[in-house]
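The values are calculated or read from the model by the stated rules, or taken from the named source; none is laboratory data. Since the structure is predicted, the reported quantities are computational estimates derived from the model, not experimental observations. Ideal geometry is used to build each Cβ from the backbone, glycine not excepted, and the neighbour counts take in all protein chains shown.
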Amino acid sequence: MNDKNLKEKSGILIGRMQPLHNGHIQVIKNTFKEVDELIIGIGSAQISHTVENPFTAGERTLMIKKALIEEGVEGDKYYIIPITDIMNNSTWVSHVEMLAPHFNKVFSGNPLVQQLFTEAGYELSKHVLFDRKLLSGTKIRDLMINDGKWEDLVPKSTATIIKKINGVKRLKHIVLKM
Ligand code: NAP
């Protein structure tokens with residue numbers, strides 16, 4: 001396969017993944033029906049230790065890596081890169097292009113992200129949504145704070161990482177300080 005063909009089958013998926021959950025994994029696995037290679041961008045990489053973004057970019061990288069190993073996804077099929085936020089939405093796509101390897105298809109359920117990439121001329125995939133009633137980062141963080149059962153909503157390895165870093169305790173401390 002020549003370089004041009006490889007480039008034709010590269011996609012990017014950007015999400016905060018706070019934390020990574022089974023919906024993200026389902027979406028990531030589905031992207032491989034459309035692309036050979038996926039760039040997984042960890043959004044808002046500079047933010048951690050807040051209620052909406054409790055985990056660092058490094059912790060989220062580990063969650064994704066371990067979960068994809070668990071799922072049997074080959075390591076040469078994806079890159080994981082941190083993407084920090086910037087002040088200007090109008091230059092954000094250029095910022096992403098500067099940080100990521102080449103891609104030409106975009107996977108996103110976020111209307112702003114879709115709009116910015118469409119304006120920049122990228123092709124959007126239509127099949128990227130998970131059922132947010134069942135799975136959402138907000139719901140999982142709420143369950144953690146309120147001693148609910150969150151473990152089954154995330155990959156096994158993600159639950160292990162969160163326990164290892166005392167993630168639930170961290171989240172509860174952040175909420176108490178508010
Ligand atoms: P987000 O703001 O993290 O998520 C928005 C909502 O969409 C969340 O509730 C999320 O659920 C949900 N969602 C994400 N992927 C989904 C999917 N495949 N199916 C159903 N729901 C989904 O947005 P994001 O799209 O995940 O991440 C976009 C990132 O780009 C953010 O970090 C944002 O800050 C960044 N961004 C930055 C700029 C800038 O710097 N100027 C501009 C545009 C975007 P979960 O919580 O369950 O994941």
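The condition (being at pLDDT below 95 and either under 20 Å from Met17 (Cα atoms) or under 16 Å from the mean Cα position of the chain (by Cα) (or both)) is satisfied by just one residue among Val106, Val128: Val128.
Flag set for Gly72, criterion: at pLDDT 95 or above and more than 10 Å from the chain's Cα centre (by Cα). Within region 157-170, being surrounded by 14 or more Cβ atoms within 10 Å (Cβ to Cβ) and in a loop (DSSP other than H, G, I, E, B) holds for one residue alone: Ile165. Identify the residue in region 126-146 that is polar (S, T, N, Q) and near the ligand (Cβ under 10 Å from one of its atoms) and, among all such residues, is surrounded by the most Cβ atoms within 10 Å (Cβ to Cβ). Among those residues, the one meeting the criterion is Ser136.
Which residue is farthest from Gly43 (Cα to Cα), if the candidates are limited to region 96-125 and must be among the aromatic types (Phe, Trp, Tyr) and within 12 Å of the ligand (Cβ to nearest atom)? Checking each candidate, the answer is Phe117.
Scanning region 8-27 for residues that are surrounded by 18 or more Cβ atoms within 10 Å (Cβ to Cβ) and either within 15 Å of Thr158 (Cα to Cα) or without any contact (Cβ under 8 Å) to a residue 12 or more places away in the chain (or both) yields a total of 9. Looking only at region 45-54, decide whether some residue is surrounded by 13 or more Cβ atoms within 10 Å (Cβ to Cβ), closer than 21 Å to Arg132 by Cα and within 9 Å of the ligand (Cβ to nearest atom). Within region 45-54, one or more residues are surrounded by 13 or more Cβ atoms within 10 Å (Cβ to Cβ), closer than 21 Å to Arg132 by Cα and within 9 Å of the ligand (Cβ to nearest atom). Scanning region 58-80 for residues that are in contact (Cβ under 8 Å) with a residue 24 or more places away in the chain and among the basic types (Lys, Arg) gives Arg60, Lys66, Lys77.
You will find that of Thr138, Thr118, the residue that is among the hydroxyl-bearing types (Ser, Thr, Tyr), closer than 22 Å to Asn88 by Cα, at pLDDT 95 or above and in a helix (DSSP H, G or I) is Thr118 and no other. Taking the condition modelled with pLDDT of 95 or more, in contact with a strand residue (DSSP E or B) (Cβ under 8 Å, 6 or more places away or on another chain) and surrounded by 18 or more Cβ atoms within 10 Å (Cβ to Cβ), does Val154 pass? Answer is no for this residue.
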